[in-house]
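The values are calculated or read from the model by the stated rules, or taken from the named source; none is laboratory data. Everything numeric in this text was worked out from a predicted model, so none of it was measured. Using ideal geometry, Cβ is built from the backbone for each residue, glycine included, and neighbour counts are taken over all protein chains shown. For accessibility, only protein heavy atoms count, side chains too; no ligands or nucleic acids. Shrake-Rupley method; radii C 1.70, N 1.55, O 1.52, S 1.80 Å.
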Amino acid sequence: MTGAKTYGPAAPLSTVEETSDGAPRLQERSRHIPGRLGLRLPAQVRRVLLFLPPVLVLLFAVFAADWAEVQSGLRSDAVARERLTLYRETILRELEKHRYLPYIVARDPRAVGVLSDPSAAPMANRFLKDLAATTGADALYVMNADGLTVAASNFDTAGSFVGMNYSFRPYFHEAKDGGEGRFFAVGATTGEPGFFFARSTPAGAPAQGVVVVKVDMERLENNWLDAGETVMVTDVHGVVFLGTRDDWRYSSIAPLDDMVVAAIRSDRQYGNARLASLQQGPLAQTRLVLGGTAWRQARLKVGMLDWTIHYLTPMSEVRAPRGVVWAGAFALILLYAIWLLVLRSRRLGRVTAGLRQDAATLRDLNRRLVDEIEERRRVERELRDTQADLARAGRLAAVGEMSAAVAHELNQPLAALGMFVSGARLYQQRGETAAVTENLDEIDALRHRMATLTQELKRFARPGESRIETVDLRDCLKTSAKLVRPRIEESGVALQLHLPSQPMTANTAPLRVEQVLVNLLRNAIDACQGVEAPVVEARARIEEGRAVIEILDNGEGIPEPLRERIFQPFFTTKPAATGLGLGLAISARIVEDLGGALKTRARRTSDGACFILSLPLAGERDEAHRGGEAARTPSHQLDGVGAE
């Protein structure tokens, strides 16, 4: 059936669409033209909002890029510390291999005998040559007290040290004074750099000469080159003498004072090197600019030699994550721009399609309106026929509902009858006549109750007024607890009653109230099955002029999605053999007719369910009764059409 339409000059521009049954349906034109209905932001504000995401992305990229560079620098420093420690140990290990040689040779007469007997020079030369070849030293030589070389391992080469005077070297004076001479320098004769160890001879007496070993450091540099890293070693003055960059050799990191340059020249430490400064700009702890390239440096002292190892990482590598962050930011901005263009294109396409559809629809509007009038007349005829069919189906459904209700409501007294009959037989066997008589009285009371329930169920199928009495709801609760006592003893559930001291007087139908309470108690007992310590509580109180009775259990509770359906007829969470799904529906209708309310909620302190029954007290009965009459009217009408 078609929905209602709006006609006349006040109606908005509409389109007509076909429904599933072929009838036309009008839709608002505003969904095709944005802004036709409702408020729109000013254009300037919308433009600001459009540019807000890119601005936020750029701001984020600024901070993220700085953070990424800092983290990259920290990672670079960690790697540098590891490599510097390795390089320092390599240098010290290489020097320690040859440090003992001057000490040993100074005590060997085969080498130092030439100082007292010049004719022993050939033997001393051969001995030093063999020892240098065995130990891997670059050169071994002996100088007299004047610094003149009298024997050397390279005596037979073009760059022989024999006859050369090296008294200008600091290591000569240090050894002659009784200490250990240590010095790195470019060879004055060969032009090859090396490290010199020197010791005086003889030991413990005035020095007659000095024994020197020269260690070649080229192998260390070759190892550093193979690693592909930028490393350099500087002396106490900051002059580079070892490293992986030949163009930096014998240059200083910072400009040298004239006095320092003069001292280096007098010792001939680096030959005729210019000792130019590599640093461009002010010195920094972690950054250098050498040869036009920015570097991040890490430094480490080499112990006894007072050298410093520098591990350099190009700043371009350190700043590489910054470029990644900015590339990601611009990629996001580009995607955002593409997304805006796509949205704009789609919006324009929708507007254009809507305008075309409206133009075509308006041309057919008159014809469709005529067709709709005819369709409405046909649907109205079908509706009248359908309503008649629904009325017949409703009467049949009412009969089925009443039959199911009778079966459900008689289950409780029948179960109690069975327990009382079993108890009477047991008492008869024991000869307890008084107990048998008491059980027979209970059976007669249950028979009376079943007859009364039958009358009440007839009223449920054909609504009418039940006999109203002034009763104490505490007595109703006690009676209901007595009726479910056999079920409690059978299941082992603990029933706890919490009753107030003051009366809870109400003008109501006691049998119908007991019917509701028995149903709630039995449901609570069933819900506790399988629980380790099953407990059912019934709490009664007076609250705001109404009597409130709560039935609580510690079972699994009612899931939240099922609470709205729990009072619907034929809905149950029990197995099909144990429940019909009518108890709560019947109870809710009874309570509604009595002017009360029945609802459910989860327990606040533990697992389980809580059903709350509230009824007006005696002073509030008249007003609640009038409200109940008004509330019962829809239910009577519902019975007339089948209680669907």
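Note on the range 92-314: lysine pairs with Cα distance below 19 Å, sequence gap of 8 or more or different chains, count 4. For a paramagnetic label modelled on Asp267 (point 7 Å from Cα along Cα→Cβ), amide N atoms under 14 Å away belong, within the range 197-230, to 197-198.
Against the criterion of solvent-accessible heavy-atom surface with a 1.4 angstrom probe, Phe241, Phe60 sort, most first, into Phe60, Phe241. Rolling a 1.4 Å probe across all protein chains gives His448 an accessible area of roughly 110 Å².
Label Arg46 and Ile612 with points 7 Å out from Cα along Cα→Cβ: what is the distance between them in nm? Simple spin-label model gives 4.9 nm for this pair.
Label-to-label distance, Leu148 versus Thr286, with points set 7 angstrom from Cα along the beta-carbon direction: 5.8 nm. The length gained by stretching the chain between Trp67 and Ile542 to full extension, at 0.36 nm per residue less their Cα-Cα distance, is 164.4 nm. Charge dipole of the range 106-161 (Cα centre as origin; +1 on each Lys and Arg Cβ, -1 on each Asp and Glu Cβ, all else neutral): 120 debye, rounded to the nearest 20.
Which FRET efficiency value, to the nearest 0.05, is calculated for Glu438 and Asn411 with the Förster distance at 25 angstrom and r the Cβ-Cβ distance? Please report the intermediate quantities before stating the final value.
Working: r = 24 Å, r/R0 = 0.94.
Result of the calculation: an efficiency of 0.60.
Ignoring ligands, DNA and RNA, how do Glu96, Glu489 rank by accessible area with a 1.4 Å probe, largest first? It would help to have the intermediate numbers written out before the result.
Working: Glu96 85, Glu489 130 Å².
Result of the area sort, largest leading: Glu489, Glu96.
The charge dipole of the range 92-314, taken about the Cα centre with unit charges on the Cβ atoms of Lys, Arg (+1) and Asp, Glu (-1), comes to about 260 debye, rounded to the nearest 20. Net length available on complete extension from Ala327 to Ala533 is 67.7 nm, with 0.36 nm assigned per residue and the Cα-Cα distance removed. For Glu556 and Thr573, the difference between the fully extended length at 0.36 nm per residue and the C-alpha to C-alpha distance is 5.0 nm. Ranking Gly228, Tyr171, Ala137 by Cα position along the charge dipole of the range 92-314, where only Lys, Arg, Asp and Glu carry charges on their C-beta atoms, puts Gly228 farthest toward the positive end. By a 1.4 Å probe calculation restricted to protein chains, Val45 has an accessible surface near 60 Å², given to the nearest 10. If I model a spin label as a point 7 Å beyond the Cα along the Cα-Cβ vector, how far apart are those points for Glu374 and Phe168 in nm? Distance between the two pseudo-spin positions: 12.5 nm. In summary, the aspartates and glutamates within cross-link reach of Lys599, defined as a Cα separation below 14 angstrom excluding same-chain residues under 8 places away, comprise Glu550, Glu560, Glu564.
Projecting the Cα atoms of Val471, Ile549, Leu598 onto the charge dipole of the range 467-616 (Cβ charges, centred on the Cα centre) puts Val471 farthest toward the positive pole.
Here the calculated FRET efficiency for Leu86 and Asp246, from their Cβ-Cβ distance with R0 = 25 Å, stands at 0.65, rounded to the nearest 0.05. Considering only Leu95, Val105, Leu74, the residue lying farthest towards the positive end of the dipole of the range 68-112 is Val105, judged by Cα position with unit charges set on Cβ.
Which GluC sites (Glu not before Pro) in the range 204-277 pass both tests, a DSSP loop state and at most 16 other beta-carbon atoms within 10 Å? It would help to have the intermediate numbers written out before the result.
Values: sites: Glu218, Glu221, Glu229; in loops: Glu229.
When the GluC sites (Glu not before Pro) of the range 204-277 are filtered for loop state and at most 16 Cβ neighbours within 10 Å, Glu229 remain.
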